[in-house]
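None of the figures in this text is laboratory data; all of them are computed from the coordinates on show. Here the structure is a predicted model, which is why all the values come from computation and not from measurement. Cβ coordinates were reconstructed from backbone atoms using ideal geometry, including for glycine residues, and neighbour counts include every protein chain displayed.
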Amino acid sequence: MIKFVFTGDIMLAREIGKKLLDSNNIQIISERVSLILDEADFCIGNLECPVSEIALPINSQGFRALPHSLNQIKKFDLLTLSNNHIFDCGKLGALDTINHIKLNNILFSGLLIDENSYIQPIIKNVKGKNFAFFSCSVEDCIKNQEDYFPKIIEATDNCLLDSIKKTCKNVDYSIVTVHGGNEMIPYPQPSFRKLCQTYIENGADIVITTHPHVLGGYEKYNSGHIFYSLGDFIFDAESYLRRKCAILRITICDQLRWELIPTTITKNFEIILAEVNLRDSIAGKFDEISKSLSSAKYEEIYPKLYKRSLAIYQIDRLKFKIQNKGFLHLFGFILSKLYLIPFYFKSIIKGSYK
C-alpha cells in the first residue's frame with residue numbers, strides 16, 4: 001500500500017512569520033495533523049511564498065518568509081513553486097528559495113531554472129512504483145516574471161502536454177498540480193475546468209489545483225481524478241471560509257482510493273483536525289460542489305455559482321473582521337479597499353468572471 005498526502009497553500013510570511021519569529025520551538029502543525037503527514041510515503045504542498053534572508057519584497061503586497069520557517073514543513077517531500085507569489089522577492093528570492101528547500105532535503109517543481117532546462121517531471125519511485133509529478137501555473141497567476149530565468153512552467157505550454165504524453169507511458173501514475181482558478185471561488189470556471197480535463201486526456205491520472213484559497217470539489221473524468229482546490233493549509237487569512245480546509249490522502253494498492261481529511265486553522269494559526277460538526281460541514285460543502293460539477297448544465301449555471309460564492313466570501317470576511325478585529329479595524333479595511341468596490345459590484349451584480 002502506498003500513501004500520498006496533498007495539502008493546500010502554504011504561506012509562512014506575514015502574521016505566520018511574526019509568530020514563528022517571536023516564539024522559539026513552536027510547531028503550528030498539531031500532533032494529530034503531523035501524524036497524518038508522517039504516515040504518508042510522500043507528502044506534497046504548494047509553497048506560496050519565497051524564502052530568503054537576502055532578498056526583499058518588490059512591493060508592499062509581497063510575501064517573504066525567513067529560512068527557519070521551513071522547520072514547520074520538514075515533513076514535506078515535494079513543494080510546488082509555480083504560483084503567483086514565488087517572484088514576490090524577485091528572481092533572487094526565487095533562487096534563494098530553491099537553495100533553502102534543497103538544504104532541507106525537499107524536492108521542488110514548477111520552475112525552469114535556466115535556458116538549458118526543459119519541461120520534465122519529478123519522478124519518484126515509491127515502493128516499487130514510479131510516479132511522475134508535474135507542476136505549472138496559468139498565465140493569470142504568473143506575476144513579476146522577467147524575461148530571464150528562473151521561469152514558471154505555463155499551464156497551456158504545448159511542451160508540458162507533450163511531456164505528460166511521453167511520461168505517462170513510462171511510469172505507473174502521472175500527477176499534475178496546476179495553480180489557477182478564481183480566488184475565493186470554490187467552483188472552477190469552465191475554461192479552467194477544461195484545461196484540467198486536458199491533462200487527463202493527455203495521460204495524467206490525477207490533477208490537483210491550487211490558488212482559490214477555499215475548498216473546492218472533485219470530479220472523475222474518464223479514468224482520471226481531478227481535485228479542485230484543497231484551500232489553505234498554512235495561512236493567516238482573515239476569513240472563516242479560508243480556515244476550513246482539507247488534506248487529501250490518496251492510497252494506492254490494487255486500485256486508487258482517496259479520502260478527504262478536513263482541517264481548520266485556529267485563531268493562533270495552528271493547523272488542527274476539524275472536530276465533528278465542522279468536519280461534517282466541510283465534507284458536506286465539498287460534496288455539494290462535487291455534485292454541481294456532475295451537472296450537464298454546469299457551464300450554464302456557473303455565473304450564478306460565481307456571483308453567489310463571491311458575495312458569500314465578502315460577507316464572511318467582513319464578519320470575521322468585526323468579530324475578531326473590531327469595528328475600527330473593519331472601517332480602516334473598507335477605506336483601504338474602496339477602489340475595489342466597482343470591481344466587486346460588477347462581479348457580483350453583473351456576473352463578470354474569467
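Overview of results
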read-out	value
The range 199-326: relative contact order in percent, alpha carbon pairs under 8 Å with at least 6 residues between	20 percent
Cα-derived Rg to Rh of the range 2-294, Kirkwood definition	0.93
Mean separation of Cα contacts under 8 Å (6+ apart) over length of the range 250-292, as relative contact order %	25 percent
Qualifying lysines (Cα of each under 29 Å from Cα of Lys291; at least 8 residues distant if same chain)	Lys3, Lys194, Lys220, Lys244, Lys304, Lys307, Lys319, Lys346, Lys350, Lys354
Antiparallel %, DSSP beta bridges [both residues in the range 60-141], to 5	60 percent
Label point distance in nm, Ile301-Ser191, each placed 7 Å from Cα along Cα→Cβ	2.3 nm
Phi-based couplings in Hz for the range 42-48 (Karplus 6.51, -1.76, 1.60; Gly and Pro marked x)	7, 10, 10, x, 9, 7, 9
The range 183-318: translational diffusion in µm²/s, Stokes-Einstein, Kirkwood Rh over Cα pairs, 10 °C, 1.306 mPa s	102 µm²/s
In order through the range 54-59: 3J(HN,Hα) via Karplus (6.51 cos²θ - 1.76 cosθ + 1.60), integer Hz, x for Gly, Pro	9, 9, 10, x, 7, 8
Dipole magnitude of the chain about its Cα centre (Cβ charges: Lys, Arg +1; Asp, Glu -1), debye to nearest 20	940 debye
Relative contact order computed over the range 67-147 (Cα-Cα under 8 Å; 6+ residues apart), in percent	36 percent
The chain - share of DSSP beta bridges that are antiparallel (%, nearest 5)	50 percent
